[in-house]
Amino acid sequence: MNADLSEFLNKLGLTEYESKTLATLFGLKEAQAPDISRIAQVPKTRVYDVLDRLIKKELVIKIYARPKKYKVIEADKVFDTLLSNKKGELVELERQVHALKETLVDTGSDPQEFERVMKVKDKNDFYRILGQELDRAKEEVVGFTEMHRPNPLLSEALRKTAARQVNVKLVGKLSKETQAEATDLARKGVGLREWDHNLHAYLIDNKKLVMALSDFREEKPNYHFTIWNQHTHMNDAIKNHFNACWEKGRKL
């Protein structure tokens, strides 16, 4: 029982020696330091420091008698105090996480990030990066997509983007294997038109362009792609070409 209680107290934020000492005192109610040390298996050279820390945490009371003894407070107060401290730590951690998110978030407006060429070994890593960029879309995504094989990573990212009321429109050449996936995307609010093209590119909010440079339909040792930010001339060219293909494309 002491071992289980000690482990649980450890989860509530006490150190190993603090947990063992407190668990032992729950069984003894009150005891001298040498007895606590022996039963809790806390070194004699450490037990007094451990007891002093538990006193400061208002979990243990020192009884000034001859001999001096130590007594644990009521169990419900012990657990209420430890839970309250743990909740406070979690609230503070949550605050720090929010602060870190603000500092780490990519706003897409960094003037240093004009263009980047990137390389991955697994084509799915490209779709994971693309998914992160789609998560930042606020108004519109237009894309030339390849639809030769089912692509769960891309489909899920597109569904989530459309679910946030972002206008998502794609043109691509379907295959028999991707008909069902395309139909499901259309039902989830993704605009789709079939048109054969040789591009694999996604324009996000008319600001950021994510474009494959390698042919993702083929198996390769590496795949290259680029991310261009605030490249007005390229964005306009892609958008104009997309609009022309969209008008010519077959509605699904």
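The values are calculated or read from the model by the stated rules, or taken from the named source; none is laboratory data. As the structure is a prediction and not an experimental result, all values here were calculated from the model. Positions of Cβ are generated from backbone atoms using ideal geometry, with glycine treated the same way; all protein chains shown enter the neighbour counts.
Residue under question is VAL50, and the condition is that it be out of contact with any helix residue (DSSP H, G or I) (no Cβ under 8 Å at 6 or more places or on another chain), assigned to a helix (DSSP H, G or I) and aliphatic (A, V, I, L, M); does it hold? Spell out how you get there, then give the answer.
Working: out of contact with any helix residue (DSSP H, G or I) (no Cβ under 8 Å at 6 or more places or on another chain): no; assigned to a helix (DSSP H, G or I): yes; aliphatic (A, V, I, L, M): yes.
It is false that VAL50 is out of contact with any helix residue (DSSP H, G or I) (no Cβ under 8 Å at 6 or more places or on another chain), assigned to a helix (DSSP H, G or I) and aliphatic (A, V, I, L, M).
Exactly one condition in (1) of a type in the set (A, V, I, L, M, F, W, C); (2) surrounded by 14 or more Cβ atoms within 10 Å (Cβ to Cβ); (3) over 41 Å from the mean Cα position of the chain (by Cα) is not met by ALA65; state its number. Failing condition for ALA65: (2).
I need the full set of residues from the range 149-172 which are out of contact with any Ser or Thr (no Cβ under 9 Å at 6 or more places or on another chain) and within 18 Å of TYR127 (Cα to Cα), in order please.
Applying the first criterion (out of contact with any Ser or Thr (no Cβ under 9 Å at 6 or more places or on another chain)) to the range 149-172 yields 152-153, 155-157, 159-167, 169.
Listed by number, the residues that qualify are PRO152, LEU153, SER155, GLU156, ALA157, ARG159, LYS160, THR161, ALA162, LYS169.
Filtered by the rule that a residue be in a helix (DSSP H, G or I) and under 13 Å from LEU14 (Cα atoms), the range 57-83 gives VAL78, PHE79, THR81, LEU82, LEU83. Just one of the listed residues (GLU177, GLU194) is over 30 Å from the mean Cα position of the chain (by Cα) and surrounded by 15 or more Cβ atoms within 10 Å (Cβ to Cβ), namely GLU194. Among residues of the range 70-99 that are over 25 Å from THR24 (Cα atoms), those with a Cβ under 9 angstrom from a residue that is surrounded by 10 or more Cβ atoms within 10 Å (Cβ to Cβ), sequence gap 6+ or separate chain, pair up as GLU89/GLY13. For the range 1-60, a residue qualifies if it is surrounded by fewer than 16 Cβ atoms within 10 Å (Cβ to Cβ), among the small types (Gly, Ala, Ser) and under 14 Å from VAL72 (Cβ atoms), and exactly one does: GLY27. Comparison of LYS220, LYS208 shows that the only residue that is in the same structural domain as THR161 (by TED's automatic domain parsing) and buried (at least 18 other Cβ atoms within 10 Å of the Cβ) is LYS208. Give me the helices (runs of 4 or more DSSP H) completely within the range 138-252, filtered to those with at least 3 residues that are out of contact with any Lys or Arg (no Cβ under 6 Å at 6 or more places or on another chain), farther than 24 Å from LYS119 by Cβ and touching a residue at least 60 places away in the same chain (Cβ under 8 Å), ordered by residue number. Output list reads 179-187, 232-248.
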